[in-house]
Amino acid sequence: MFRKCLASLALAPVASPIPLPRITPIASQLVQRRAFHQVPRESRPPKILITGGLGQLGIECAKLLRTQYGSHNVILSDIIKPSQSVLENGPYIFADILDFKGLQKIVVDHRIDWLIHFSALLSAVGEQNVPLAVRVNIEGVHNVIELAKQYKLRIFVPSTIGAFGPDSPRNPTPNVTIQRPRTIYGVSKVHAELIGEYYYHKFGLDFRCLRFPGVISSDPPGGGTTDYAVAVFHEALRNGKYTCYLRPDTRLPMMYIEDCLRALLEFMRAPNEQLKRRVYNVTAMSFTPEELFAQLGRHVPNLHVTYKPDSRQLIADAWPQVFDDSDARRDWHWQHKYDLVNLVDFMIKDVQDNYINVQPEQQTLQI
């Protein structure tokens, strides 16, 4: 879905006159309210392909990269029919990650340099359809890794706190430790991390991977265990109540989407010699549902929350409580911007602007 919650990252000045995507009025307001950390840019803009582009991260990632490298240099792709607003903001093509020859044609025809691979089934959804998760999350990764080796691409594959399991230390969880996840999502992400590192050491592939915590944006939840931290804003601002599927004391690492995508961009731009490893933890904060709801209650005084833990509680109980991302902060100078207080402030504004205060016909067009 095409949302405006990340327009602020567009503030970095461009070094050459390249065309910029259209920015909506709401996005323009967000550009004014936040600043993006300047990162040195390459001598020639890379041609970038984003797979799984209509998920939570893809569209906003494309918007950010287009402000840096030009709309025509960033190609969004998926197997879903895009909205008109997606088509108006830059190139969009059909790309099936299970079709290797089709991917080859895209890379050759569009002279792709970077591949950002977002296609995946998330934790809760993956548990409901394990065979499909194996195909998308494992076979799909095999295809894009081999494609990147064949055409010497720089490839980014996101990983997750779900790559850890109940045997991992949870507070804090270091960058290198035991990983024995118990979801197909987590297993597939560990597999992606290891095969990417193998291709780096064996073939010199420029493989890069960040383990993200729960990523919070104004888009409606998409099937992740940490999505309660998104759903509560939609429910609270509409009807003042929310039923949480996790216990009130369930602590998990989290990150606002602007920090998430800024981390991705800075990591992709980091010189190879700066990177001491190919997979890094990144995070911004850790909180419990109880702490989040207390902060949200300052804006929604009559917020009524009930707790009914379900199967997602078992998943969360095996995940990190606090993420140690000191390696990323040391090696390529990662710094987060958003804490719990300003996360809640901006999420309230984003959800109100993009969902609560829009006319029904406008909302239909955005989806």
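Need one number: nm distance between label points at S43 and D339, each 7 Å from Cα along Cα→Cβ, rounded to one decimal.
Roughly 4.3 nm, to one decimal.
For region 120-361, give the share of DSSP beta bridges that are antiparallel, in percent and rounded to the nearest 5; count only bridges with both residues there. Walk me through the numbers on the way to the answer.
On the way: 3 of 19 bridges.
The antiparallel fraction comes to roughly 15 percent.
So, for the chain, what is the accessible surface per residue at a probe of 1.4 Å, expressed in square angstrom? Can you show the working numbers first?
Working: 15120 Å² over 367 residues.
Dividing the accessible area of the chain by its residue count gives 41 Å².
In region 120-361, what is the count of Lys pairs whose alpha carbons are under 25 Å apart, counting only pairs at least 8 residues apart or on separate chains?
Here the count comes out as 13.
Using a 1.4 Å probe on the protein chains only, how many percent of the accessible area of the chain belongs to carbon and sulfur?
Numbers: 8240 of 15120 Å².
Its accessible area is 54 percent carbon and sulfur atoms.
Please report the relative contact order for region 120-361, taking Cα pairs under 8 Å with a sequence separation of at least 6, and give it as a percent rounded to a whole number.
Values: 419 pairs, mean separation 59.6, N = 242.
Computed value for region 120-361: 25 percent relative contact order.
Give me the dipole magnitude in Debye, nearest 20, for the chain about the Cα centre, with unit charges on the beta carbon: positive for Lys and Arg, negative for Asp and Glu. Write out the running numbers ahead of the final one.
On the way: 41 positive and 36 negative charges, 127 e Å.
Magnitude of the dipole: close to 620 debye.
The values are calculated or read from the model by the stated rules, or taken from the named source; none is laboratory data. Not measured: the values here are computed from a predicted model. Cβ sites come from the backbone with ideal geometry, for glycine too, and all protein chains shown count toward neighbours. Quick note on the areas: whole protein, heavy atoms, side chains included, nothing else; ligands and nucleic acids left out. Shrake-Rupley method; radii C 1.70, N 1.55, O 1.52, S 1.80 Å.
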